[in-house]
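Here's the structure we're looking at; comments come further down.
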Amino acid sequence: MSDAALPIVVAPESLVERLGDPRLLLIDLGRPETYCRAHLPGALALDYAALVASRAPVAGLLPDATQLGALFSALGLSPDRYVVAYDDEGGGRAARLLWTLDVLGHGGASMLDGGIHAWAAAGCALDEAPGVATPSDYSARVTEDGLADADYILGRLGDPDFMTLDTRSVAEFVGSDRRAARAGHIPGAVHFEWLEAMDQERQLRLKAPEDLRARLESLGVTPDREVVAYCQTHHRSSHTYVVLKSLGYPRVRGYPGAWSDWGNRSDTPVEV
């Protein structure tokens, strides 16, 4: 299966035709109770907590290469495997896995549009038997692809070719909902709540690409600019990262730690 075999956001109706391909690695990041009741045939359960690291008060950091190598080896990942990730919340957790794989330079990965709920609504097969992994020896190497930190952002603030996209709630953005030592947003950030990308009438599948492009471009989020997406910990913003990538935005990065890092530092400017 080549990297181009599936789009970065794959519909249930397209994925069901590929089930049974031995190169496909299905990863379920939903709640354990959901996985036990039903999951895609052969899917492996992955605890979201294993994808992130914390150094209080900062959460949502990227684990080191050794930890990631052990995690993906246990799942049986290898360079020739194509990952399809999904969850039961509209894609935030699954998207964090896709972003992590991007940072590691693993090119083949997709997010199931709408996750388990869209899959079930489409009448696709579900299974109760736990998936069984065949462990591998995956060597993880963190690259700069898709990755931004506070220093990276500070060095580019004010550059017309660069922008930050805040995917939190309006209350967090304006500072009335305080979740760090300081409240507000990165100066110049544009607000686009991650939920805006989801169609509430279609099991949280993404809205039509033309509608998403129109909305984002109305905010000044255009493909000619480099975009760093962030939220509180880079959970919600991972979803927006995948949305932008699916729309063909060529320069997109995520900020692990996100506001839990920026808002708790003393050397970062804040705007309300």
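The values are calculated or read from the model by the stated rules, or taken from the named source; none is laboratory data. The shown structure was predicted, so the numbers you read here are calculated from the model rather than taken from an experiment. Every residue, glycine among them, receives a Cβ derived from its backbone with ideal geometry; neighbour counts consider all protein chains shown.
Among what's in region 27-86 and is over 18 Å from the mean Cα position of the chain (by Cα) and among the basic types (K, R), pick the residue that is surrounded by the most Cβ atoms within 10 Å (Cβ to Cβ).
Looking at residues that are over 18 Å from the mean Cα position of the chain (by Cα) and among the basic types (K, R), I get R81.
Collect the residues in region 185-208 that are part of a helix (DSSP H, G or I) and aliphatic (A, V, I, L, M), keeping them in residue-number order.
L195, A197
Would you call Y230 touching a residue at least 12 places away in the same chain (Cβ under 8 Å), in contact with a strand residue (DSSP E or B) (Cβ under 6 Å, 6 or more places away or on another chain) and among the aromatic types (F, W, Y)?
no
Looking at (1) surrounded by 20 or more Cβ atoms within 10 Å (Cβ to Cβ); (2) on the phi > 0 side of the Ramachandran plot, which is the one condition that is false for G105?
All conditions pass for G105, except number (1).
If D113 meets every condition in (1) within 20 Å of R96 (Cβ to Cβ); (2) outside the structural domain of A94 (by TED's automatic domain parsing); (3) at pLDDT 95 or above apart from one, which number is that one?
Just one mismatch for D113, condition (2).
So if I check each of L15, L25, which one is assigned to a helix (DSSP H, G or I), in contact (Cβ under 8 Å) with a residue 12 or more places away in the chain and touching a strand residue (DSSP E or B) at 6+ places or on another chain (Cβ under 7 Å)?
L15
I need a count of the residues in region 171-207 that are without any contact (Cβ under 8 Å) to a residue 40 or more places away in the chain and in contact with a strand residue (DSSP E or B) (Cβ under 8 Å, 6 or more places away or on another chain).
Summing the residues that are without any contact (Cβ under 8 Å) to a residue 40 or more places away in the chain and in contact with a strand residue (DSSP E or B) (Cβ under 8 Å, 6 or more places away or on another chain) in region 171-207 gives 5.
Determine which single condition R156 fails, assuming it passes every other condition in (1) of a type outside the set (S, T, Y); (2) touching a strand residue (DSSP E or B) at 6+ places or on another chain (Cβ under 7 Å); (3) crowded, with 19+ Cβ neighbours inside 10 Å.
The number of the failed condition is (3).
What number of residues within region 245-266 satisfy the criterion of being touching a residue at least 60 places away in the same chain (Cβ under 8 Å) and outside any strand (DSSP E or B)?
13
For region 119-173, give me each residue that is part of a loop (DSSP other than H, G, I, E, B), under 21 Å from R236 (Cα atoms) and among the hydroxyl-bearing types (S, T, Y).
Selection gives T167, S169.
Output the residues belonging to region 209-231 that are assigned to a loop (DSSP other than H, G, I, E, B), crowded, with 19+ Cβ neighbours inside 10 Å and either more than 13 Å from the chain's Cα centre (by Cα) or on the phi > 0 side of the Ramachandran plot (or both).
Answer for region 209-231, where residues must be assigned to a loop (DSSP other than H, G, I, E, B), crowded, with 19+ Cβ neighbours inside 10 Å and either more than 13 Å from the chain's Cα centre (by Cα) or on the phi > 0 side of the Ramachandran plot (or both): just V221.
Of all residues in region 196-220, which are touching a helix residue (DSSP H, G or I) at 6+ places or on another chain (Cβ under 8 Å) and not small (G, A, S)?
E196, R202, Q203, L204, R205, L206, K207, P209, L212, R215, L216, listed by residue number.
Would you check if A133 is among the hydrophobic types (A, V, I, L, M, F, W, C) and more than 20 Å from the chain's Cα centre (by Cα)?
yes
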